[in-house]
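This report refers to the structure that appears directly beneath it.
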Amino acid sequence: MTSALLFFTELTQAPSKAQRELLTLAARFDSATVALTGDISEEATGIVGSYGIGRILQAPAGDGFQDHEVGVLDAAVQTVNPQIVLLANDSFHREVAARVAARREVGIITDAIDVSADRTVTKDELAGAYTARVNPVADLVLVTVKPNSVEDAPAGGESAAVVEPLEVAAYASRLQVVGREEKPASGRPSLGEARIVVSGGRGVDGDFSPVEDLADALGAAVGASRAATDAGWIDHDFQVGQTGTTVSPQLYISAGISGAIQQKAGMQTSKYIVAVNKDEDAPIFEIADFGIIGDLKQILPQAAEEIRRRQS
Amino acid sequence: MSDASSTPLTILVLVKHVPDAQFDRHIDQSTLRMDRSESILSELDEYAVEAALAIAEERGGPKAGNQVIAATMGGPKAVGSIKKALQMGATSGLHLNDETLAGSDATATSRALAALVKYAGNVDLVVTGMASTDAETAVVPAQLAERLEFAALTNASRVEFDSAASALTISRDHGSESLKLSASFPAVLSVTDQANEPRYPNFRGIMAAKKKKTEEVTAADLGLDASAVGAAGSGTEVVSAEARPARTAGTVITDNGQAGIALVNYLAEQKLI
Ligand SMILES: Cc1cc2nc3c(=O)[nH]c(=O)nc-3n(C[C@H](O)[C@H](O)[C@H](O)COP(=O)(O)OP(=O)(O)OC[C@H]3O[C@@H](n4cnc5c(N)ncnc54)[C@H](O)[C@@H]3O)c2cc1C
């Protein structure tokens with residue numbers, strides 16, 4: 001019997017794509033439990049149930065930063081005694097997993113792209129240049145899973161999951177939240193989860209509108225190179241690469257980006273890569289499935305218009 | 001009256017010797033470990049060294065007794081990364097050099113590094129990069145904070161040091177929010193490439209580094225049992241590592257005024273739209 005524990009810091013009636021993928025993965029194990037901080041609606045318990053997962057351990061939301069979540073996950077681990085814990089791959093969840101792994105003196109595996117029922121984890125190494133298989137050696141392992149790694153597939157469970165309160169000891173935080181600011185929402189799909197990403201680099205020369213326009217025609221997320229975010233043309237949140245977001249979409253359209261190692265590290269596992277660059281020697285063409293030598297300011301608007309024409 | 005701002009700080013900055021990403025990087029098929037022959041100081045750790053030096057300088061720098069210890073764990077060649085940090089301005093080096101450490105996963109690495117920080121003694125602040133450029137797990141700083149019971153100021157895109165209060169305030173992204181987090185010492189601080197512009201070692205720095213001392217220690221010196229580190233102390237085991245087929249260049253066309261249409265045709269052919 002292998003039991004899995006999932007950890008979420010929020011679960012609304014519309015779980016994110018990454019959360020649905022995690023629910024799909026958890027359902028592969030003999031039993032699965034969700035641990036959650038914060039409120040849950042009836043709809044959401046129904047959704048968890050539709051994956052064949054019957055139990056939700058619920059703790060209140062924390063008002064500090066991370067220490068509460070570490071305590072909740074650790075308490076859930078002790079309650080459920082799982083053999084595997086699954087979490088999202090972003091820096092917050094990685095760190096929560098890492099701290100619990102240190103407390104429990106067990107392994108943590110990040111950047112997983114698949115997890116099998118015997119707890120073998122498949123993951124990317126060296127920015128996707130290698131695919132490794134990693135096995136836990138202890139009876140517990142914590143795994144953070146990249147979005148877009150598995151197909152969302154509810155198992156077809158019919159009853160809603162049962163919510164039980166989780167007792168968590170009070171904690172003393174060593175840090176204080178002294179500022180909190182909500183960033184403006186773009187209304188576009190999130191970069192890490194999107195099926196299509198259109199990214200712009202220094203070549204956009206201060207004007208992201210051709211990139212945004214093509215992204216909107218495709219229902220895609222917008223990305224950028226560090227040159228573009230450093231220049232202040234677009235927020236750092238949109239940076240793709242080693243020190244930005246790692247993406248692995250079906251389609252990545254790169255416009256006015258040379259293809260430096262740090263940029264490639266964040267996008268080279270995309271299924272299809274299309275590059276638009278006016279320099280025929282740009283390294284991005286070495287990894288592009290389809291390359292166009294030319295000016296993005298001409299090509300992107302033309303493509304956006306053609307897509308809209310075909311859609312109407 | 002005791003003034004915190006006059007007490008010298010001991011800052012330990014962790015530097016990692018990693019395979020140079022400018023070359024093709026390999027995983028050795030017999031050991032399933034990274035080929036480390038062409039290695040350099042992890043690019044992302046240069047930001048950590050810069051942050052450590054800047055904080056020490058706020059307090060008056062080495063003249064006022066502030067120490068910035070560049071510490072690493074890794075084979076004999078890893079001393080190269082300490083050397084670079086010393087050239088940038090770190091005051092001394094600490095090298096955990098022991099064969100038994102090879103093959104440590106994140107949990108075993110943080111166990112060894114926590115022992116190294118304790119060995120250094122009275123450390124106020126540990127500074128690291130946001131991730132190593134080889135393993136890229138980005139979890140060791142948080143694990144270190146957990147083990148040492150230090151505040152975890154991780155993934156800082158901006159660092160402000162209030163010397164009088166001996167407190168650090170960082171900015172970090174958190175989902176749809178941008179947070180400011182504050183803590184006093186002792187703390188672990190990990191910085192992103194947004195946090196600063198790392199300095200280059202200048203001629204004086206390079207000459208001065210030659211006189212700086214680097215202490216070499218083994219796992220046993222730190223009281224670490226061989227079963228607690230390396231593959232033996234790890235919670236995970238790599239069973240295979242396969243190189244993905246390299247991406248190759250596909251069709252490349254030159255815009256003749258209709259390339260936008262050609263792009264859409266391509267997407268339609270591949271059933272992407
Ligand atoms: C520690 C570190 C971390 C980094 N992390 C990242 C990261 O996460 N992500 C990242 O992207 N970079 C990262 N970088 C930076 C990286 O090394 C490159 O400097 C950066 O990716 C270059 O961005 P770019 O391709 O937009 O600009 P450039 O290299 O200047 O390329 C611009 C390209 O646009 C083309 N162009 C110009 N005008 C047009 C036009 N009108 N139409 C079509 N093409 C045009 C040019 O031919 C050129 O190829 C990092 C660097 C360091 C040191």
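Looking only at the stretch B:233-261, count every residue that is closer than 18 Å to A:ILE273 by Cβ, more than 7 Å from chain A (Cβ to nearest Cβ) and surrounded by 14 or more Cβ atoms within 10 Å (Cβ to Cβ) and tell me the total.
0
Consider B:LEU272 carefully, then state whether it is at the interface with chain A (Cβ under 7 Å from one of its Cβ atoms), part of a helix (DSSP H, G or I) and over 26 Å from the mean Cα position of the chain (by Cα).
Answer is no for this residue.
Only strands (runs of 3 or more DSSP E) wholly contained in the stretch A:67-150 count here; list those with 2 or more residues that are open to solvent by less than 40 Å² (accessible area, probe 1.4 Å) and more than 8 Å from every other protein chain (Cβ to nearest Cβ).
Where strands (runs of 3 or more DSSP E) fall fully within the stretch A:67-150 and carry at least 2 residues being open to solvent by less than 40 Å² (accessible area, probe 1.4 Å) and more than 8 Å from every other protein chain (Cβ to nearest Cβ), they are A:84-88, A:107-115, A:121-125, A:141-145.
Can you tell me which residue in the stretch A:159-177 is most open to solvent (accessible area, probe 1.4 Å), limited to those that are among the hydrophobic types (A, V, I, L, M, F, W, C) and within 30 Å of A:SER50 (Cα to Cα)?
A:VAL162
Quick one: in the stretch A:204-220, which of the residues that are more than 14 Å from every other protein chain (Cβ to nearest Cβ) and open to solvent by less than 20 Å² (accessible area, probe 1.4 Å) is nearest to the ligand (Cβ to nearest atom)?
Per the criteria, the residue is A:VAL204.
Being open to solvent by 50 Å² or more (accessible area, probe 1.4 Å) and more than 9 Å from chain B (Cβ to nearest Cβ) is the filter here, so list the residues in the stretch A:247-259 that pass it.
The one that is open to solvent by 50 Å² or more (accessible area, probe 1.4 Å) and more than 9 Å from chain B (Cβ to nearest Cβ): A:SER258.
Being touching a residue at least 60 places away in the same chain (Cβ under 8 Å) and in a helix (DSSP H, G or I): is that true of A:GLY52 here?
Details: touching a residue at least 60 places away in the same chain (Cβ under 8 Å): yes; in a helix (DSSP H, G or I): no.
Answer is no for this residue.
Taking the conditions exactly as written (within 14 Å of chain A (Cβ to nearest Cβ), under 26 Å from the mean Cα position of the chain (by Cα), among the basic types (Lys, Arg) and buried (at least 19 other Cβ atoms within 10 Å of the Cβ)), does B:ARG158 satisfy them or not?
So B:ARG158 does not fit the description; no.
Only residues in the stretch B:41-52 that are among the hydroxyl-bearing types (Ser, Thr, Tyr) and away from the ligand (no atom under 12 Å from the Cβ) count as the first member; pair them with residues that are modelled with pLDDT of 95 or more and open to solvent by 10 Å² or more (accessible area, probe 1.4 Å), Cβ under 7 angstrom, at least 6 apart or cross-chain, and list the lot.
Short answer, once both residue conditions are applied: none.
When the residues of the stretch A:268-307 are narrowed to those that are more than 7 Å from chain B (Cβ to nearest Cβ) and small (Gly, Ala, Ser), which ends up nearest to the ligand (Cβ to nearest atom)?
Taking the candidates together, the pick is A:ALA282.
Which of the following residues is free of Cβ contacts under 8 Å to residues at least 24 places away in the same chain, within 10 Å of the ligand (Cβ to nearest atom) and surrounded by 24 or more Cβ atoms within 10 Å (Cβ to Cβ): A:GLY201, A:GLY244?
Only one candidate passes the filter, namely A:GLY244.
Output yes when any residue across the stretch B:201-220 is assigned to a strand (DSSP E or B) and facing chain A (nearest Cβ under 7 Å), and no when none is.
Looking for residues that are assigned to a strand (DSSP E or B) and facing chain A (nearest Cβ under 7 Å), one finds none in the stretch B:201-220, hence no.
Among the numbered conditions (1) open to solvent by 50 Å² or more (accessible area, probe 1.4 Å); (2) closer than 21 Å to B:THR251 by Cα, tell me where A:ARG308 comes up short.
Here A:ARG308 meets the rest and fails (2).
The values are calculated or read from the model by the stated rules, or taken from the named source; none is laboratory data. Since this is a predicted model, take the numbers as computed values, not measurements. Because the Cβ atoms are built from the backbone with ideal geometry, glycine has one as well, and the counts that use them run over all protein chains shown. With ligands, DNA and RNA removed, areas are computed over all heavy atoms of the protein, side chains included. Shrake-Rupley method; radii C 1.70, N 1.55, O 1.52, S 1.80 Å.
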